[in-house]
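This report concerns only the one structure given below.
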Amino acid sequence: MKELFGTSAVVDWVGLGVLLSRLALDLGFATLVIRLIYYRLYANREYVFTYYLFNVITFSMFLLLRKVPTHFGLALALFGVFGILRYRTEQIRIRDLTYLFVVIGIGVLNAVADRSVSIAELLAVDGVIVAMAAALELGSSRAERSTPVLYDQLELLRPGHEARLLADLGEKTGRKVLRVEVNRVDLLRDAAEITIFYRAAE
C-alpha cells in the first residue's frame, strides 16, 4: 500500500481542504457559464451533463498530475485535453464546442494555479472569462435561443421553401423562428433532426 499511496498514512486534512475549496471555486464559475448562460439560452440538457463532467474530469486530472514529474505529467495532460475532440460520435455546433473549451479552460486554470498565483488573481481570471461569455451572449440585442426539434416535413427543408418552413415551425412551436439548422436527416423514419433559433427575449 505504501508503494501505491506514499509513505505517510496520515490524512492530510489541510491538503484535502485546499482541494475541496479549489473544486468549489471551479464548480462555482463553471455553473455560472453552464447553467446561467448556456442552459438559459439553449436549454440543451445533454450538453449540461457533458460540460459538468468534462470540467470536473479536467480539473481532477490536472490537479493530481501536478505531483507527477513535469515532463510526463504535462505530456499526459495535453494528450487528455486535445484527445477529447475525438470523444464524440455526432456533429457538434461550433458554439457548443466553444463552451466545451470554456469549461475545460476553467477547470485547468483552477487546477494548475499554485501559491505563486494569488486568490485575487485567480478570481479575476475566472471572472473575466465568465463576464465575457455573459456579455457576448446575454448583453447582445441579437441574442438567440435554440431548441432541438424532430421535424417530419422533409419537403420544406429543400431550397426555396424557407418562408414556408419558418411559418410552419412558428405555428407548431409558438415561436417566431428566425432560422433553422439541419443537423441530421433520417430517411428511414422520414424525419430530420433540426435546431430552430428564435429571439432570447421571446
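Assorted remarks:
- Residue pairs whose Cβ atoms lie under 8 Å apart, sitting 6 or more positions apart in sequence or on different chains, and linking a residue in region 161-177 that is assigned by TED's automatic domain parsing to the domain that holds residue 149 to a partner that is small (Gly, Ala, Ser), are 176/170; 177/170.
- Condition check for residue 62: surrounded by 16 or more Cβ atoms within 10 Å (Cβ to Cβ) and modelled with pLDDT under 85: yes
- Test: residue in region 30-47 that is at pLDDT below 85 and under 25 Å from residue 123 (Cβ atoms): yes
- Selection of region 23-51 for residues being touching a residue at least 24 places away in the same chain (Cβ under 8 Å) and under 10 Å from the mean Cα position of the chain (by Cα) yields 30, 33, 34, 38, 47, 50, 51.
- Some residue of region 10-22 being within 15 Å of the chain's Cα centre (by Cα), hydroxyl-bearing (Ser, Thr, Tyr) and modelled with pLDDT of 80 or more: no
The values are calculated or read from the model by the stated rules, or taken from the named source; none is laboratory data. What you are looking at is a predicted structure, and each value in this text was computed from that prediction instead of being measured. For neighbour counting, all protein chains shown are included, and Cβ atoms are generated from backbone atoms with ideal geometry for every residue, glycine included.
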